[in-house]
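Written out below as structure tokens is the structure these notes cover.
Read-outs throughout are calculated quantities, based only on the coordinates presented, and are distinct from any laboratory measurement. Bear in mind the structure is a predicted one, so any value in this text is a computation, not a measurement. When we count neighbours, we look across all protein chains shown, and the Cβ atoms used for this are built from the backbone with ideal geometry, even at glycine.
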Amino acid sequence: MIQANFASGVDELRATEDVVRLLGRPAVGRDATLVHADCPDHRVWVGVRGDRGVILFADVITDSWAGLGEGPRRRPRCAGVSFPTHCEVPVADFAVTIEGFLATGQRPTLVPWQQVR
């Protein structure tokens with residue numbers, strides 16, 4: 001189970017349909033932090049803007065990783081986090097990535113990543 005934290009409240013994600021519902025929430029574009037219930041030392045920050053999304057994964061072992069995509073050229077800010085440039089991925093890939101995190105609690109290998117320094 002993933003706990004999704006928003007400025008407007010908390011939601012629980014247990015299945016694919018919950019991820020789809022999460023991505024449909026307007027608040028996600030501003031401030032969502034995902035915490036895997038079985039791995040509280042792993043966190044994911046997400047943001048959605050239209051058909052593109054940003055995702056940042058952090059844990060105590062591998063440090064911080066952001067999705068690697070084509071844009072934007074400026075560093076976007078979502079969920080109180082400054083993301084690196086070129087971090088946007090298509091929402092369809094983004095949904096699969098969140099589902100992978102839901103299933104494993106680890107950084108999914110379904111999208112390319114860049115280490116955040």
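Run the dipole for region 2-115 about the Cα centre, Lys and Arg Cβ at +1, Asp and Glu Cβ at -1, nothing else charged, and hand back the magnitude in debye, nearest 20. Each step should come with its number before you reach the end.
Working: 12 positive and 14 negative charges, 109 e Å.
Magnitude of the dipole: close to 520 debye.
Assuming R0 = 25 Å, what is the FRET efficiency of residue 92 and residue 49, from their Cβ-Cβ distance, to the nearest 0.05? Please list the in-between numbers first.
On the way: r = 14 Å, r/R0 = 0.58.
With a Förster radius of 25 Å, E is 0.95.
Run the numbers for residue 63 and residue 8: contour at 0.36 nm per residue of separation, minus the present Cα-Cα distance, in nm.
Between residue 63 and residue 8, full extension yields 17.0 nm more.
Can you give the helix-only mean residue ellipticity at 222 nm for the chain, where every DSSP H stretch with n ≥ 4 adds -39500 (n - 2.57) and the sum goes over all residues, rounded to the nearest 500 deg cm²/dmol?
Calculated from helices alone, the mean residue ellipticity at 222 nm is -5500 deg cm²/dmol.
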